[in-house]
Each structure stands twice: as C-alpha cells, then as structure tokens.
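Have a look at the structure that comes next, please.
The values are calculated or read from the model by the stated rules, or taken from the named source; none is laboratory data. Please read these numbers as outputs of a predicted model, since none were measured by experiment. Cβ coordinates were reconstructed from backbone atoms using ideal geometry, including for glycine residues, and neighbour counts include every protein chain displayed. All accessible areas refer to the heavy atoms of the entire protein, side chains included, with ligands and DNA or RNA removed. Shrake-Rupley method; radii C 1.70, N 1.55, O 1.52, S 1.80 Å.
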Protein chains: 2
Amino acid sequence: MCSKSHTFPVCTIACSTKFTRLPHLAGTEQNLRYAEQIRDEWLEFGLDSVEMVPYDVLLSYPNKSQPNYISIVDQLGNEVFNSSLAEPVPEGYEDTSNIVPPYSAFSAKGQPEGDLVYVNYGRTEDFFQLEREMGINVTEKIVIVRYGKIFRGNKVKNAMLAGAKGIIMFSDPADYWAAGVQPYPAGWNLPGGGAQRGNVLNLNGAGDPLTPGYPAKDYTYRFSLEDGVGLPKIPVHPIGFHDAIHLNMGGQIPPNNWKGALNVSYRIGPGFTDDFKSQKVRMNINTDNKVTRIYNVIGRIRGALEPDRYVILGGHRDAWVFGGIDPMSGAAVVHETVRSAGRLLSKGWRPRRTIVFASWDAEEFGLLGSTEWAEDNAKLLQERAVAYINADSAIEGMYTLRVDCTPSLHTLVYDLTKQITSPEEGEEGVSLYESWHKRDNWTNDRDAPRISKLGSGSDFEAYFIRLGIAAGRARYTKNKKTERYSSYPVYHSVYETFEIVEKFYDPTFKRLQAVAQVRGGLIFLLADSQLLPLDADQYADSLRKYAHSITQLAQTHPEEMKVYEVSFDSLFSAVENFTVAARDFHERLQTLNRADPLQVRVMNDQLMYLERAFIDPLGLPGRPFYRHVIFAPSSHNKYAGMSFPGIYDALFDIEHSADPQKAWEEVKRQISIAAFTVNAAAMTLTPPA
Amino acid sequence: MCSKSHTFPVCTIACSTKFTRLPHLAGTEQNLRYAEQIRDEWLEFGLDSVEMVPYDVLLSYPNKSQPNYISIVDQLGNEVFNSSLAEPVPEGYEDTSNIVPPYSAFSAKGQPEGDLVYVNYGRTEDFFQLEREMGINVTEKIVIVRYGKIFRGNKVKNAMLAGAKGIIMFSDPADYWAAGVQPYPAGWNLPGGGAQRGNVLNLNGAGDPLTPGYPAKDYTYRFSLEDGVGLPKIPVHPIGFHDAIHLNMGGQIPPNNWKGALNVSYRIGPGFTDDFKSQKVRMNINTDNKVTRIYNVIGRIRGALEPDRYVILGGHRDAWVFGGIDPMSGAAVVHETVRSAGRLLSKGWRPRRTIVFASWDAEEFGLLGSTEWAEDNAKLLQERAVAYINADSAIEGMYTLRVDCTPSLHTLVYDLTKQITSPEEGEEGVSLYESWHKRDNWTNDRDAPRISKLGSGSDFEAYFIRLGIAAGRARYTKNKKTERYSSYPVYHSVYETFEIVEKFYDPTFKRLQAVAQVRGGLIFLLADSQLLPLDADQYADSLRKYAHSITQLAQTHPEEMKVYEVSFDSLFSAVENFTVAARDFHERLQTLNRADPLQVRVMNDQLMYLERAFIDPLGLPGRPFYRHVIFAPSSHNKYAGMSFPGIYDALFDIEHSADPQKAWEEVKRQISIAAFTVNAAAMTLTPPA
C-alpha cells in the first residue's frame, strides 16, 4: 500500500482564513464569490475538470425591513419587551455587513399571540409527559423549548402535532455552556446574546422542498408552497438566554430534568406568573421563502484504469455567518486535499478510480446542494459510486477523534488511523488509533476505538440513506462523558469565527491536520487500492449486533410477542446467511487472480454494490427518500442514526397505537422486509454465476 | 460474428408433445412434475446448474363441489337456465382428469342477482358512452361485456368503478372467429361451447397480491385478502357464445359498433326483453383464493469472462389446460435452446456472459413466478442483467413475424433476422427479414419491418417495466389488417392442444423454428458478443417519435396549453441531448481499444445500464411497480404499451377532472419528470469522467 497516503493531505489550513472573513450564507453574492474562487483554485491546483453546478431551490431569509422578534405584550397590546434583533458582533467584525440575524429558516410567517408553555427539549417524550402527566394541552398556545438533544426541526414538528400555534427555541447554558469556560471572545462558550440559527424543516431526505425526488433545474416542475415537503405551518424563532430570562413563566413547577441552568424557576405555564398574568407573548415573524440560485462546485480527477468508479469527498461551503467551524474547518480540509492531489498529479500520479470533490451549497437549508446533485446524478452514482466521505466541520471539541461510518469501512478506518500520528501534545510517536482508543474504547465487548452509526444532519445523507453508497465522516470531538453540552456552544452563532478555532480549538492546527489525514487517506485508499478496502465481515458483525438490540427492544413486550406470534427468527437466519456469504467472499478474495483485470473488477463490483443491497426502492413507511433498510435517521431526531429503522419505528408506534393488532402486524411486516433485505445482500456476495 | 448463432437453436419441437398431454395448471401436482422433468433434462443437456425455486403465492381455483355458473332465475327464484359447467372436451382427451372449467381467477365469491346491462367491450370509453350518451347507470346491476380489445382485468376494474355488482364476459364470434374457418377440431376457430379462462386482477406489476414488492417466501409477511393488491371485489365469470345467446336482453338498441356477430339484437338492457322482464340473472361464484406453492426452474451457463453479466431467456410453463399454444409453443423453444446450448458446451464452447434460462410458474395468475423471482433477485438483476428475452406462445397466427422490444434491440433484431431463412412455403432463399418486411412494413416514413412497443401480459413485465432491463419478445402472428379477431380464437380454452398447432398453425414446424432462431439468436448474440449489440441511436430515434406523438395529443387542447403555460420544450431539448450523447457514444465505440478488457467493460456497462436510466424509483402515479418512464402498460389495457405513460395518463385525466387547473399541473409535472429522465439517460452515455 502506498505510503503517500499518510502525507497526501498535507494540511496547511491557511485557506480557512480566506473563506471565513465574510458572511457567506447560501444564495448570497458572497457565497457565489467563494464558489468561483474555489473553482479557480481547484483548476489551478490541477484537477482535470471543475464545474459550477447551479440549482434553484427554496431558501428562506428574514425580511430586511420587517425584522423578526418576540414580544411580551400587555393587556393594551403594547410591546413591553422585545427580544434582541441581532447578536452583539464579535470584535474585529464590527464593520461586516450581511450578518443575518438569528432566525429559523422556513418558519411560517405570522404574529401569533398567546400564553406560553414550556416543554423542556420539545421531544416526543416531553410532549407526552406534558399532556399525560401534567395534563397541559398546548392547542392555541405558543410553546417554548430549549435547544439540544434532538434536531430542531423535530421540535417544531412535535409542537405542530401537539397543536401549538408558534414555537420559540432558546439556548440554555445547561446545554451550551462548558464548565469553567468563558463566553467568547475570552473563551469558547456561547454569550447570552448569542442564538442558534438553523432550518426547521422536516424533509426526511427530500432535498429542495418544492422538487422532491428531482433536481431543481430551470425546467423542473415546482410544487406550490402549500404542497412543499416539510415546511412548518407555524411561526418559529430562536432566542438566546439573555432574552429567555425575561419570560416570567408561571404555572406548575417542572420535574428536575426539565430545569436548565438559568436562575429562573422553569415553570411550565401556561402563561406568566400571577403578577404578569395578563401579559401575552407575541411572535413577529416575517421570514420569506424564496426560490434562489445555489452553486455546487464539482471537481474531478479522472481515474486511470476505472474512470467509471467514483470516490467522492464532499462538504458544504455555505455558512450561517462566517462558518469558522461549520463548515469551513471542513471545507479547508477538502481544499487542502485537492491541493495535495494536484501536487501528486503534477508528479505523474493518477489514481486507479475517479475522485470527485464537491463544495456543496445550501447545506444549512436542508442539505439542498448535495441532495439536488445526488438527484441529478442518481443513476451514475448508483452504478458507479464506490464511497462518499463527508467533510463538514472538522472539529467540535478538543478531546479525540470521532468517526461515524458504514460498517464496511470500519477496518479501513482502523488501518488508516494506525498510520497517522496523534495530534495531542505529549503523544509524539503515538498513533491516532492509540490516542483515540485510549480515550474512547468501543464497549466492554469490543476492544477498539468506538465508531458510531451515521445519522443525518450533513451532506452524506442522500448518498448513504437514499442511494446506498458506503459513507463515512470523521471529525475531532469533545469528551462525551464529561462534556454534556449539545454540539459545541457557539454552534450556528455569529461567534463561529476563524479565531475561535485558532485561539481555542486547535491552536497548532494539528487536530485539523489529523482529521484531514483521515478524510484524505480514506479517499486515497478507496480510489487507488486495486482491491476495494471494504469489509463485508464487519457488516455481518454489525448486523448481528443490531438484530440483537432490536430483538431486545421488542422483548420488552413479551406478552404481545406471544399473542401476535412475533418472531425474529427470519432476521437472525438472514444475518447468519449474510455472515457465511461474507466470510466465503473474503476467503475467495485471498485466491483471486489479481493479474486478471476482469476478475478483479467482478469482485470489486460485489464490494461496491454491497451497500446498495440494503436499499429498498419503496422506502421506509411515510419516508420515501429514506431507503436504507439498515440505517436511517431517527423519526424523532434526524441527527441520530437508527439501525433497522423500519422495525424500530413500528415498535415505537406500539406504544401509541389505538389498534395494537395492526401495530404488531406492522412490526411483523418490517421484520420480514429486514430479513429479506439482509438475505438479498447475502446473495450479492455469493459467486455471481 | 459467430455463424453458430444461426443454427444454435435447432428446433425439434418434439418436446412440445410431451409437455402438452396433461393439464398443468399452476399450483397442481402435474405442473410440479413437468418442472422436475425440465430440471432433470436441463441438467442432462449440460447446464452448469439447475434449481427449482419455490414461492408461496396467492392462486385461485374453482370449488370442486360447488361449481361456478350463471343462471336465469324466474320471479319465484327458480333457475330456468344455467350456463354450462365445462367445455366439451376435444377428441383424444376424453379421459383426461383435472381439466379446470372456464373461470375468472381471483373472482370474488358471491351470488349477486339482478338485471343485466351490456357494455360492449367494457372499455373506459364504453362505460362513458353508456353513462353519458345512453343515460344508463349500472349501480347494483350485473354487466355483461364481450371479450376482446383490452385486458379482461381492466374490464372488471371498469365495472367495479361504475358500481356494478357482478360482471360476465363472453366470447363473441365477431372477436374469436376467423372468416371461412371451421371451429376446432375441423379448424382453428373457437367452438360455441368454448370459453376463455383468465385472471381478472389489477396488479399493475405487483406480483403476488399478498406480498407486493417482496418475494413470497416462507417467512414473508402476507397482507390479508382484504388488503391484497388488485383483487376484484365483485364476482366475475366467463361464458361461451352458446350460453350468451340465451340472455334475451331488452332495452335500447345499441350503436352498430357495439354489435357482435351473433344472431341477436345486442340490446343494452337493463334487464331482459318485455316477455322475460321479471327474470333476473344470478351469478353463482364459489372460487377460492388459496396460498399455493409454485416452482420456477432456473438453469445457468456460467459466463467465461463476465460471469456477472446475465442474459435471460424466460417463459412460463403453467397452462390453463394443455397449453398447446400458450405457453408450450414457447416453452418448447426454451427447451430446445437449452438442448442446443448444451451441445455447444459439450464441444468446448462457453459464452462470454452468463446465460440464465427460466421456466416460470403461475404466469396465468398474474405473472407471479417471474415477478417473485425478479423481486427475489432484484439487486443482482439491476446490477448485472444485460437483457431479458421472453418466450411465451411462439405462435398466434400464420402470417409473419411479430417482434415487440425495446428500441435498443431494434438493430440486433434486424441484423439477426437477415440471417434467418423465411419459414414460408415458396420463400426458399428468402430471409426472415425480407419475408417479414414484405408483409408488415413499419410506416410510410420508415422502410423496415414493424417493431412494436412492449406492453405487458407476459413475464417480461417485471424485468422491463420495474427493473429497466432491455427486453424483447418474438412470435409468429396473424395479418392484423385482415384478421380482426382478438389474440387467436381458442385462446385460454380447452382447445389449445398440441394438435391445433400441428394440424393448422405450423404443420412443418418451420414457423416455430424461425421463432426459436430469433429468440435463441438474440440470447446467443447478447451473451457472446464482445461489445453488447445494443443501439442507443435507435433509442434516440424512438424517443423523438414518442415526444412528437405525445405533443400532438396535448395539442388537441390548444387553448388550455396556452392558459396553463404547458410546454414540451424541455422534453424536446432532453431528446436532443440524448440524441447527441448517443451519437457521440457510438462514435467513441469505433475507436475503442478492444484489447483492453477494462475499457470494453466500461463501455458495455454504459450500454447495459442505458435501459436502467429510464427507471424512476418513485414509479408512475398510483402504480409504484411500474417504474419505466418511457414505457408502461396502458392504465386502460395492460396489453398495450404506452410511451411516456405518465404524461399520457395525465392528459387522459384532463377530460375527466373536476379541477382542470390541477389536472394540467399534473401534465406539466409529468413533462418535467420525462425531460429529467431523458436528460439523465443522456448523461449515462457521456464519457464517465
């Protein structure tokens, strides 16, 4: 194996500064400028081709002349308190124009007014607890929830389902404040005036809300806004905790786990304390949806021997404001990887397979750039894509490596990280693998660094969950055991600057370099190894583990399992078939005649198509664009990856169904689909004739 | 090109007799015996492997102790006339047991009683005419329609939609009687006591009604009968014209084109003539649905160089009774092709690609065997199948060749038939191409033998319409200009014997041999040519033709086209893109380095995946298993192939929609999907990187 892989993405990161000086929200002039600059530099670096690929997608912006805010209104209708219209701008950026204020993209417009109800994190279980245990109905109320734990779009969906007429989300220090750390700029915690931007869609993988299933080209048919996918029907707005403390909630005292870290009582409402009982909350939301042109930048290195096999490194470029962490710490990695690859090309190197580099647009608005391109190129990708490596934020903490990927990439990730040096001080001569392993061992059963399932929340989604392309992501992360805040404190605020990375997260840029080496190394090895470095045995192991956990979940209903004759035997038998097929496949690989290009291609195709075997074109129930039978984002939190999501969701519905027989029938149907899919995947690994 | 192709399927047809002596309905012991015999002989012939592949699908049989029949009942409820319980058995078969009487498979059970209404062929337009022009409502009536013009399942669907509570179908001599020909056994016309069996499902490609989308294995989840796909909710029964003339219809005189060739008035009803006004019709239907085991036989010749590329020759084995024409005239062709291939194998030949031979079961019950196997092997087929050639009835007339196939096979069909000898007397030394061309020139614009679009009604459906595998079928046919009867007169009756072929259709067996040479030749050339003999230019030509005809159809509404801003520009532009890409592709093919196995494979893959490019995983509206954007069976007659079916159906709905704006929006959406799909297909033909 080529030793170049270890130094291939020599990461200078300097480029990060030049792409973080100015706000570059999707659909803006500045984000187009950056796209052009990236295109020009990639061409200069020596890629075979670079193109700008535009789509016209639905975006959402605050109305510049009618800002969004939350008010407290007295009984005369006077606004006695208004939430802030913007975050205090960090030092050095005072003269910057086009900083979009905190808002919830795709919020409905409107001025709902009413009593406030606090619903903790706005999770399904929080709304259940509110309604069933506390007896509070939020119909016609405005709910307020704290950010964290789940994707904000799911909070909004839950609020809508519960009947609320508006929803306010705030950042609580309990969730966006690390112990012993100062707020930015003295430290990396979220200032009280900061708030989290973000889209509040429920797309379930549809991409552009107006063109589900098809790329948003000039001639593409667009649904009306009423028929668009995943658009919330109620106003939504985010605030920081300096604003949140002004809401003098009355009503019941909440359970302790509903209490955040502010010096207030976290009462549930409805409405304010007795002193302010006559006051209401009014949301003033004037955000506009607008079909807007976005630009992906797509660069290519043509494969020398198999130009029709694609290895993709993609990450987004658009940022809520400066994007110091999200996404530019990742985009810089892509840029440096392209630079390094260009250097190698100029020395005569050319990979066996084609490498595709992508700078996606409008990720923040629902993974739109990457999903539209996946829709546009679905056939080519289905037939030709070997793997997709995602390059969003390269850093969300300072503790160790975090990898989420498909099981077939586990072995490659381990092999690769053993050849990369730890970026941590005092670990000279220690491998990244060892450093990572020491900090995050998988489980008691498995002595290896932890690798997680892919959920969603970044651009790999359409590639992995819709198209079934082996995918992975890597970044530097926090210590999950001790650092309990969500994502990282300044996430999606104006305080995500280049300086926060340089001063706090990675002053020596060694962590970013390690992440770059992982991402670039994966791309290099996938593109240039004669035999694809994908491991079917690992997939078998993971399937067995998932089958056991989903069975355990079902067995919390032992009575019904008997009554409705629910059995997981077919699934375990399928997993066994898959295990045998995978083992036999890797054994045959040992004796493959590597000098015969067709024989090599045949077995590589089996490896490439392994992930595709888990795709069901019929999709998951109610989620036609989530088609992976083994992995999907949770229906209740798109950030989290579920295994056997069809079975999982059916089991979840058991608890809430009025017709338990029907609900259990659906569990049985989903077990049958899972068993069939795993059996079919096993068949793809057997000798082809 | 190897000259062996012309003699490869040396057709002895003798096998046809041994598989037509006994009734072999799907799901019966005898059909399993034939399957075992085929398996054993294929192994003997020398195939590399042969397996029996069982599925447990929903079949439907008459109740042996409670036969189905139609009665006329008087006002006291006495049955004053009963339709015959069976067809007179042909000479030589008097002692044969297990001849299933004529019935409509999957009919609902029941004894509906009421007035009869005659609705011509039971087409959509017939029901419209009945309701709108004649002012007759069939709610709570039993309808009677003649067989012919469209698939019987569509007649049943139309009757249900119109509100009828039962439907009787009869064979009219106008539709099942050739001029100057005696009824069987003196000739090949349908005797008056004969009737047409057949299933009356509306599956739209779903396969087994209880397991749509998934193979019907032991562990597969099954829907209840109520939730099954395409099962009619009303009783259905077929009768011959000897029974039909007893129904003394009263009411309006019908238009001339509603009149058949019986010596009766073809009045429309409701009810009988005045003399018999108090009499009613009663249907007595006791047919049972039953999950039953069926068996496909799958044989394989492993490809020498590309074992993972499949060329499939498949045809069904199950017959309503003896299957002298349908299917055994086709199954014999498969059998003889296997024998010939075995002979070549024993001489050291081995094709470049894998050949798969299939003897399907339960075609007559909704293409079940072939569809379940397609579902079972969907991933392998999507990734590896080059082409599917169907082998149902090899003969339906005595006039000339008939070929229905995908446009990319046109050139191969022409090239091949130029090298096959005409089977017609007096045409020694004339090619099949010339003989065919002389009898059935395409159009004034195109001087070549006519090739038609694939519709459905046989086992290619799942392979072509669901999976997007290039497909074709060939048979000997009648002269469509002079012979106006539907299919062939004895179709699906007990009179489909080996003798009817031997005595009338093909006494020298030369026509069957010619069909065998076409089918076998296609398989051979597809499996053994270094470059796949598929023609993208022909696809471009066809797409242009289809785009013009669908545009012309839309232009019958010039006003609305303007009001709703309907444009076909995007579709024509896509067809132009496709045309250029196809031309460039074939140009590059000229300079391909054929000594480089990977370069050859890359371009062959582009050809193989061309048909796949037209598949939309979202399916056609309301028909999730019809996924081919260019071709689908008509929504109104599954036998007929439509081009741009999504646009066509949307235009059809214009006429009947209460909301024209919404209907035109759907037309625009479908044009956009078609344009996108053709553009995406063009991309698959461009250089891969």
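Which condition number in (1) open to solvent by 50 Å² or more (accessible area, probe 1.4 Å); (2) within 28 Å of the chain's Cα centre (by Cα); (3) not polar (S, T, N, Q) is the one that A:A244 fails?
(1)
Next up: So, in segment B:608-640, exactly how many residues are crowded, with 23+ Cβ neighbours inside 10 Å, away from chain A (no Cβ under 11 Å) and over 20 Å from the mean Cα position of the chain (by Cα)?
Matching residues across segment B:608-640 total 0.
Residues of segment A:468-482 being assigned to a loop (DSSP other than H, G, I, E, B) and either surrounded by 24 or more Cβ atoms within 10 Å (Cβ to Cβ) or basic (K, R) (or both), which ones?
A:G468, A:I469, A:A470, A:K478, A:K480, A:K481
Which of (1) out of contact with any strand residue (DSSP E or B) (no Cβ under 7 Å at 6 or more places or on another chain); (2) open to solvent by 10 Å² or more (accessible area, probe 1.4 Å); (3) assigned to a loop (DSSP other than H, G, I, E, B) is the odd one out, the single condition A:Y266 does not satisfy?
(1) is the only condition that A:Y266 fails.
Something else now. Which residues, taken from segment B:325-379, are without any contact (Cβ under 8 Å) to a residue 24 or more places away in the chain and under 27 Å from A:Y609 (Cα atoms)?
B:N377, B:K379, listed by residue number.
I'm checking my understanding of the structure. Among residues of segment B:54-92 that are outside any loop (DSSP other than H, G, I, E, B) and open to solvent by 20 Å² or more (accessible area, probe 1.4 Å), which one is farthest from B:G194 (Cα to Cα)?
Restricting to residues being outside any loop (DSSP other than H, G, I, E, B) and open to solvent by 20 Å² or more (accessible area, probe 1.4 Å), the top hit is B:P54.
Being more than 21 Å from A:V334 (Cβ to Cβ) and in a loop (DSSP other than H, G, I, E, B) is the filter; apply it to segment A:488-507 and report the residue that is most open to solvent (accessible area, probe 1.4 Å).
Looking at residues that are more than 21 Å from A:V334 (Cβ to Cβ) and in a loop (DSSP other than H, G, I, E, B), I get A:P507.
Taking into account only those residues within segment A:598-607 that are without any contact (Cβ under 8 Å) to a residue 40 or more places away in the chain and over 16 Å from B:K379 (Cα atoms), which is farthest from the other protein chains (Cβ to nearest Cβ)?
If we take residues in segment A:598-607 being without any contact (Cβ under 8 Å) to a residue 40 or more places away in the chain and over 16 Å from B:K379 (Cα atoms), then A:Q599 is farthest from the other protein chains (Cβ to nearest Cβ).
Related question: Looking at segment B:272-305 only, could you name the residues that are within 14 Å of chain A (Cβ to nearest Cβ) and under 31 Å from the mean Cα position of the chain (by Cα)?
B:I298, B:G299, B:R300, B:I301, B:R302, B:G303
While we're looking at this one, here's another question. Test B:T400 against the criterion of being touching a residue at least 60 places away in the same chain (Cβ under 8 Å), within 21 Å of B:A536 (Cβ to Cβ) and β-branched (V, I, T), and give yes or no.
no
Of all residues in segment B:661-686 being within 7 Å of chain A (Cβ to nearest Cβ) and touching a residue at least 24 places away in the same chain (Cβ under 8 Å), which is nearest to B:S567 (Cα to Cα)?
Checking each candidate, the answer is B:K668.
Picking from B:Q552, B:Q538, which residue would you name as being buried (at least 17 other Cβ atoms within 10 Å of the Cβ) and assigned to a helix (DSSP H, G or I)?
B:Q538
Here is a list: B:H242, B:H237. Which entry is assigned by the TED database to the domain that holds B:M160 and in a strand (DSSP E or B)?
B:H237
For segment A:102-118, how many residues are open to solvent by less than 40 Å² (accessible area, probe 1.4 Å) and farther than 24 Å from A:S278 by Cβ?
7
Suppose we filter B:Y219, B:Y176, B:Y214 for residues that are among the aromatic types (F, W, Y) and farther than 30 Å from A:A674 by Cβ; which single one remains?
Checking each option against the conditions leaves just B:Y176.
Could you go through segment B:579-591 and let me know if any residue there is within 11 Å of chain A (Cβ to nearest Cβ) and within 26 Å of A:Q382 (Cα to Cα).
Checked against the condition, which is being within 11 Å of chain A (Cβ to nearest Cβ) and within 26 Å of A:Q382 (Cα to Cα), segment B:579-591 yields no hits at all.
Tell me the residue from A:A689, A:A658, A:A595 that is among the small types (G, A, S), over 23 Å from A:T551 (Cβ atoms), away from every other protein chain (no Cβ under 13 Å) and assigned to a loop (DSSP other than H, G, I, E, B), please.
Answer to the check: A:A658.
Restricting attention to segment A:463-490, and to residues there that are more than 18 Å from A:L409 (Cβ to Cβ) and small (G, A, S), which single residue is nearest to the chain's Cα centre (by Cα)?
In this case the residue turns out to be A:S487.
Residue-wise test of (1) in contact with a Phe, Trp or Tyr (Cβ under 6 Å, 6 or more places away or on another chain); (2) open to solvent by 10 Å² or more (accessible area, probe 1.4 Å); (3) over 20 Å from B:Y495 (Cα atoms).
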position: B:N120; (1), (2), (3): yes, no, yes
position: B:K141; (1), (2), (3): no, yes, yes
position: B:I150; (1), (2), (3): no, yes, yes
position: B:L190; (1), (2), (3): yes, no, no
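Would you check if A:D227 is open to solvent by less than 50 Å² (accessible area, probe 1.4 Å) and touching a Leu at 6+ places or on another chain (Cβ under 9 Å)?
Answer is no for this residue.
Given the criteria in a loop (DSSP other than H, G, I, E, B), within 14 Å of chain A (Cβ to nearest Cβ) and of a type outside the set (V, I, T), does B:L231 qualify?
No.
Any residue in segment B:277-300 that is in contact (Cβ under 8 Å) with a residue 12 or more places away in the chain, open to solvent by 20 Å² or more (accessible area, probe 1.4 Å) and in a helix (DSSP H, G or I)?
no
Further, regarding this structure: From the set of residues in segment A:183-219 that are within 14 Å of another protein chain (Cβ to nearest Cβ), over 22 Å from the mean Cα position of the chain (by Cα) and touching a residue at least 12 places away in the same chain (Cβ under 8 Å), which is farthest from A:R152 (Cα to Cα)?
The residue in question is A:D218.
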